[in-house]
Amino acid sequence: MSEKIIDELKASIRSIPDFPKKGILFRDITTLLKDAQKFKDTVDLIADKYKNKKIDKVVAVEARGFIFGGALAYKLGAAFIPIRKKGKLPAEVLEATYELEYGTDTLQVHRDAIGAQDKILIVDDLLATGGTVKATCELIEKSGAEIVGIEFLIELVELNGREKLTGYPVDAVIKF
């Protein structure tokens, strides 16, 4: 896809100052999602990058990662695996805890969801500090699977989240 389409996708994202708190410039993707063509272009753009990588499973982080993860799994002919916050999955889980600005949080995946031979694409809507996806990588590595790619719709470059993911194949459609 052309840079023109990427520029159009970027322009469709609404910026909201001081949300959820003062000093934060929130990037609202609902304005991209409500446009069927832009949503399709986003999914197609990401799927094209990975169509020849033999992805077995698309792993996405709740909640906005699910929006793109399910569509990409369908497009790539792959399974979809949700990564959830602690206490949301009913069967035996693997978990990883990560640091937040004030405290910690824990992510979980069903123990039987990912196998050692699986080729995994991780998808999330936003790369900020990288903590959530780093914990997701730890979950996948506990399963022995291969991380083929980590894809974001948006990367907030000034927050240096990519540094936390050094050594992993990271890409983003849009960079702010």
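Coordinate-derived values only; no laboratory data. Everything numeric in this text was worked out from a predicted model, so none of it was measured. We place every Cβ from the backbone using ideal geometry, glycine too, and count neighbours over all the protein chains shown.
Conditions tested, residue by residue: (1) assigned to a strand (DSSP E or B); (2) out of contact with any Cys (no Cβ under 9 Å at 6 or more places or on another chain).
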| position | (1), (2) |
| --- | --- |
| Ala113 | no, yes |
| Thr136 | no, yes |
| Ile150 | yes, no |
| Ile154 | yes, yes |
| Gly167 | no, yes |
| Ala172 | yes, yes |
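Can you name the condition, by its number, that Thr97 falls short on among (1) farther than 28 Å from Lys40 by Cβ; (2) among the polar types (S, T, N, Q); (3) touching a residue at least 40 places away in the same chain (Cβ under 8 Å)?
(3)
State the number of residues belonging to the stretch 62-90 that are over 19 Å from Lys142 (Cα atoms) and of a type in the set (A, V, I, L, M, F, W, C).
Residues meeting the conditions: 9.
Given (1) crowded, with 20+ Cβ neighbours inside 10 Å; (2) farther than 16 Å from Val58 by Cα; (3) polar (S, T, N, Q), identify the lone condition not met by Thr129.
(1)
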